Amino acid sequence: MDNENIDGLGQENPIPQPHSVADEIRNNHFHLNPLAISYLSNVAKWSGFISLTTLIMLGFILVALIFGIFASGFAAIFSEYGLSGASLVGLFIFYIIILGIAIIPTLWLYKFSQNTKKAIASRDSNQIAEAFNYLSKYYTFSGVALLIVLGFYAIIIVFMIFGGLAALMSS
C-alpha cells in the first residue's frame, strides 16, 4: 500500500492525491513537450536580440553623451540657458546613473537568453532554473520601475489638480 494514497483515518483512498507543481519540479517530473521547447527556444532568440540591441543603443547613447559633453559647442548652447559647467557635470553624472540602471535589467535579459539556449541544448534543468532566475529578476525590476513611474505620475496629477484649484480660487 502506497503511503500517499492513505487518508487521515488509515483507510486507502482509491483516488490519488494531486501533487503540487513544486513537488513535481522537486521530483524532476516536470518535463517540457517539444512544442514548449520550441516556444522557449524562440523566446530565447528574441530576448537575446532585444537585449543585444538595447545594449548597443545604450552604448550609442553613452558615446553621444560623452561627445556632447566635451564638444565645445554643447557648452556654449547650455550657457545661453544659464547652465554652468558644474550643471553640465551634474547632468552628465545623472545620465550615467540612468544608463547604469538601464544596463542592469538588459544584462539579466541577455543572461536569460544565453542560459536558456544552453539549457535547451544540454537538457539541463539546473541551467534552465538559472535562466528563469534571471528572467524573474528582469521582470521584478521592470515591475518595480513601473510602480515608481506610476507613483511619480500620481504625484504629478495630484500637484496639477491642486495647482488648477489654486489658480481657480485666485481668479
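Here, each number is a calculation from the coordinates, and none is a lab measurement. Note that the coordinates shown come from a computational prediction; the quantities given were computed from them, not determined experimentally. Every residue, glycine as well, gets a Cβ built from its backbone with ideal geometry; the counts of neighbours run over all protein chains shown.
For this structure, a couple of remarks:
- Within-12-Å neighbourhood charge of residue 41 [Cβ basis; K, R +1; D, E -1]: +3
- In plain terms, the chain from residue 98 to residue 161 could stretch by 19.8 nm, reckoned as 0.36 nm per residue minus the Cα-Cα distance.
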